[in-house]
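Bear in mind these aren't lab numbers, they're just calculated from the coordinates by the rules spelled out. Owing to the predicted nature of the structure, the values given are computational and were not obtained by experimental measurement. Please note: Cβ atoms are built from the backbone with ideal geometry, for glycine as well, and neighbour counts cover all protein chains shown.
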């Protein structure tokens, strides 16, 4: 059985979050959290919270689950809504700034 947790509208571009998510895919939950703890990227904290939430969902919904055997089976980083802002430039021009956001979805399963 698989359990999921999501963080929607995370204020970081999906490209930056995917770099961190690729490091922990397929690893044990405890090992993934320790890797994220020592990763200097801002996305590591966001992903760690989602992993903890998915593990808590697994334990809460099924009492027979051993939390030490949970494995991060899937991580999806999807593009969220983009806020469009404008930066004033020379001679009255304006340049567009895209403030991207992402949706983080983590799935954990019971491994062997």
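The label-point distance for residue 63 and residue 18, in a model that sets each label 7 Å from Cα toward Cβ, rounds to 4.3 nm. Between residue 109 and residue 76, the distance separating the two model label sites (each 7 Å from Cα on the Cα→Cβ line) works out to 1.5 nm.
The C-alpha atoms of the stretch 1-50 occupy a region whose extents along the principal axes are 29, 24, 15 Å, arranged from largest to smallest. When the chain is treated as a Gaussian network with alpha carbon springs shorter than 10 Å, the biggest mean-square fluctuation among 92, 45, 30 belongs to 92. Once the Cα-Cα distance is subtracted from the 0.36 nm per residue extended length, the residue 28 to residue 56 segment shows a gain of 8.6 nm. A value for log10 I(q)/I(0) by the Debye sum over Cα atoms at q = 0.10, 0.13, 0.16, 0.21 Å⁻¹ was derived from the coordinates, and within the list (1) -0.35, -0.52, -0.69, -1.03; (2) -0.27, -0.46, -0.69, -1.15; (3) -0.40, -0.57, -0.76, -1.12 it appears as (1). When the Gaussian network model of the chain links Cα atoms closer than 10 Å, the mean-square fluctuations of 82, 64, 39 top out at 64. Mean-square fluctuation check for the chain, GNM, Cα pairs under 10 Å: which of 15, 96, 42 is largest? Its mean-square fluctuation being the largest, the pick is 96. Spin-label model, residue 8/residue 94: points 7 Å from Cα along the beta carbon direction are separated by 2.9 nm.
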